[in-house]
Amino acid sequence: MRIHLMLTGGTIDKLYNPLKGELGFTQTHIPAALEQGRCGVDLEVQQLCLKDSLEMTDQDRAQILEACRNSPHQQIVITHGTDTMAETARYLIAANPNKTIVLTGAMIPLSVNGSDGLFNLGSALVAVQTLSTGVYIAMNGRVFNGAQVTKNRVLGVFEALH
């Protein structure tokens, strides 16, 4: 079983620029994180973009959907910014790509000490191997149905909608 890992950016892949005092993108940090985590999963890694999710458009979501549809793999993990992760999950659900798709990201960049990114990425890789067809979000050690999840911006965690 090979898993398709699609990278779209988000906080998980940001780097702090001390000269500007800002977080931004230079290159992906995911391959180094996978090596650090001693990932033993057979992966195909594809960088679709490196964007803050607040800048994601429906055109970007259409590109993600197309990449999912064109993937020869049934299991897909997508790194994504947390601010609009649930929106992208619902977009994918509406298109029914008939695959197992897990979105994940981080509240703190991989490049910053104390990041939750490696834990979330590992959780997503395990989840995609065990879940049935559908779209999910793996964050904070939990897996959520992509249609019934929201980001609690006050607590900085994802929660199931009731």
Say we join alpha carbon atoms closer than 10 Å with springs in a Gaussian network model of the chain; which of Asp13, Asp60, Asp52 then has the biggest fluctuation? Asp60
For the chain, modelled as a GNM with alpha-carbon contacts under 10 angstrom, which of Lys51, Lys20, Lys99 fluctuates the most? Lys20
For a quick check, take a GNM of the chain with Cα springs below 10 Å and name the residue from Asn140, Asn120, Asn96 with the largest mean-square fluctuation. Asn96
Given R₀ = 22 Å, what would the calculated FRET efficiency be for Asn152 paired with Glu87, taking r from the Cβ atoms and rounding to 0.05? 0.90
Fraction of antiparallel bridges per DSSP, region 3-160 only, in percent to nearest 5: 35
Placing unit charges on C-beta atoms (Lys and Arg positive, Asp and Glu negative, everything else neutral), compute the dipole magnitude of region 3-160 about its Cα centre in debye, rounded to 20. 220
Which of the helices in the chain meet the span-like rule: DSSP H, Cα axial reach of 15 Å or more, Kyte-Doolittle mean at least 0.0? 85-95, 117-130
Can you sort Leu65, Leu23, Leu121 so the residue with the fewest Cβ neighbours within 10 Å comes first? Leu23, Leu65, Leu121
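Quick note: the coordinates plus some simple rules give every number you see, no bench work behind them. Everything numeric in this text was worked out from a predicted model, so none of it was measured. Here Cβ is always computed from backbone atoms with ideal geometry, including for glycine, and neighbour counts include all displayed protein chains.
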